[in-house]
1. Testing VAL499 on (1) at pLDDT 85 or above; (2) among the hydrophobic types (A, V, I, L, M, F, W, C); (3) over 16 Å from ILE457 (Cβ atoms), one condition comes back false. Which one is that?
2. Scan region 330-338 and tell me whether some residue there is over 17 Å from LEU366 (Cα atoms), surrounded by 13 or more Cβ atoms within 10 Å (Cβ to Cβ), under 43 Å from the mean Cα position of the chain (by Cα) and touching a residue at least 60 places away in the same chain (Cβ under 8 Å).
3. Any chance you could count how many residues in region 343-400 are acidic (Asp, Glu), at pLDDT 90 or above and assigned to a loop (DSSP other than H, G, I, E, B)?
4. Take the residues of region 339-376 that are surrounded by fewer than 12 Cβ atoms within 10 Å (Cβ to Cβ) and of a type in the set (D, E, K, R): which is farthest from LYS281 (Cα to Cα)?
5. Output the helices (runs of 4 or more DSSP H) that fall wholly within region 154-232 and possess 1 or more residues being closer than 20 Å to CYS141 by Cα and open to solvent by 50 Å² or more (accessible area, probe 1.4 Å), or say none.
6. Of all residues in region 463-479, which are of a type outside the set (Lys, Arg) and at pLDDT 85 or above?
7. All but one of (1) without any contact (Cβ under 8 Å) to a residue 60 or more places away in the chain; (2) open to solvent by 30 Å² or more (accessible area, probe 1.4 Å); (3) β-branched (Val, Ile, Thr) hold for VAL326; state the number of the condition that does not hold.
Amino acid sequence: MAVASGFVSSVAELKTKMESTSLVHGVTSASSSSVACFPSQVRNLCKSSKIKLKVPERGAFGLSIRCEVNSDTLVRNDEIGSKASSLSALQLLKTSAGDRYTKERSSLLVIGLNVHTAPVEIREKLSIPEAQWPQAIGEICALNHIEEAAVLSTCNRMEIYVVALSQHRGVKEVTEWMSKISGVSVSDLCRHRFLLNNKDATRHLFEVSAGLDSVVLGEGQILAQVKHVVKSGQGVQGFGRKISGLFKHALTVGKRVRTETNISAGSVSVSSAAVELALMKLPTYSCTTARVLVVGAGKMGKLVIKHLVAKGCTKMVVVNRTEDRVAALREELKDVEIVYQPLTELLACTAEADVVFTSTASETPLFLKENVQTLPPVNSQVGGRRLFIDISVPRNVGSCVSDLETACVYNVDDLKDVVAANKEDRLLKAMEAKAIISEEVKQFEAWKDSLETVPTIKKLRAYAERIRASELDKCLSKMDVDISKTKKKAIYDLSVGIVNKLLHGPMQHLRCDGTDNRTLSEILENMHALNRIFGLETEISMLEEKIRAKMDQSQK
């Protein structure tokens, strides 16, 4: 704290210098009436007067406070001061009661439920479509203790990020709002939700954006969903500076992690590994021209089709028992040519295919050696051997098919080795990612903390500018009316230069960009010192002012 103490002394010297150059004209000392604004003075007043304070319970806004004065104790007016003498001790305490509750700094919070904490039956009730995110932000920010908000709602998570003027009240209000829109009771929400604040909330979002909190480690879809939060929040009142800065930084973190660690490389699901294996076995030039057949349009078959499309496949034949699922896929993937064939045409379709994926629930093999050996050979341009990738259990392709020189068969066990190796590799890369995230959290927290001093910096510069302009006008009024523009500019530049030189030191001690060794507590102490010395403080804290404005607006 030696740095902060030295700074207070230097600021006092600075004020003396400014007074000597007539740049602090009009500064007044704090009057005794300011006692009513500071709980510490009230406590000292009550202590010296032998007044007992009792705080039995919390009220709706502040603290429910009682004063008891001993019957043999009298408070003399001359002991309190001329201004405060007109107020009773109880009135003084009432004045400061709301301020006591709002002395805490605003907090960054995340209140959420995800695949790790809540079942899908709960998550689906809380889901909010992307088109309704702006409306949700407006409703959340209308709550008394919420200043900024953002909503991240996906199939695996429902997370609300807020800047709360009061941490515990903000959590209570958001939880009640979530209960109201979903019909899920508050008790059920509390049982499944998770709560994180400030640095932990920042780290959580960065891990989400990097894919470290996903079911499939390192998956890329979540990064696009975080990007949608930023896009949908543009121009929305309530998607403020801190929240927007948080999500924009999260995008940067997600991209950096994927670039520097390559964590999303390698398949970690059977369906994606099947597609990746097929592409590895096909000659490079034939990957997009190979004829593809998918047998089965159930859950696994659908995933195979989607992974094929993601890898650039634009045409395929799907054999299934019924056409309904294939039609639904065709509607979903409108840019892809999907041809449906019934199960009775299986061998005919296989004869015209180079790569065959099987994923049906059949308990007996669909392909036996005698079936496959009668099929025409495939073109040498795609390797000369028909590729069967069987991800069904029980197997759809008989083991005897692998004996044929014209066929190459892979089953789910072959794919599991690939998936396991890729998962282990991703876990190692996740450790690298966490080191990157720790570095980025530190940078973001430094930026966020620097915002605390911005109002003081602005007020101090405005205060100095008013004095500079006033003194400049006085100086010019005493000079000849025909003074040249060159001399006027020189005098103007001189006044600006003096102000900038004098403000440089205080401004440096208020900056919190992580480039120096000052702690946040030291910087905040410097800020409070400047506020006191130059009279920049208001009678109520900024947080209390925001809360009162919100409550007044909600009562209209």
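The values are calculated or read from the model by the stated rules, or taken from the named source; none is laboratory data. Fair warning: this is a prediction, and the values are worked out from it, not measured in the lab. Backbone-built Cβ (ideal geometry, glycine too); neighbour counts: all protein chains shown. All accessible areas refer to the heavy atoms of the entire protein, side chains included, with ligands and DNA or RNA removed. Shrake-Rupley method; radii C 1.70, N 1.55, O 1.52, S 1.80 Å.
1. Single failed check for VAL499: (3).
2. No.
3. 2
4. Result: GLU363.
5. By residue number, 167-182, 186-192.
6. Answer for region 463-479, where residues must be of a type outside the set (Lys, Arg) and at pLDDT 85 or above: ALA464, GLU465, ILE467, ALA469, SER470, GLU471, LEU472, ASP473, CYS475, LEU476, SER477, MET479.
7. The one condition VAL326 does not meet is (2).
This table checks each residue for (1) of a type in the set (Asp, Glu); (2) in contact (Cβ under 8 Å) with a residue 40 or more places away in the chain; (3) part of a helix (DSSP H, G or I); (4) open to solvent by less than 20 Å² (accessible area, probe 1.4 Å).
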site: GLU260; (1), (2), (3), (4): yes, yes, yes, no
site: SER264; (1), (2), (3), (4): no, yes, no, no
site: ALA274; (1), (2), (3), (4): no, yes, yes, yes
site: LEU279; (1), (2), (3), (4): no, no, yes, no
site: THR288; (1), (2), (3), (4): no, no, no, no
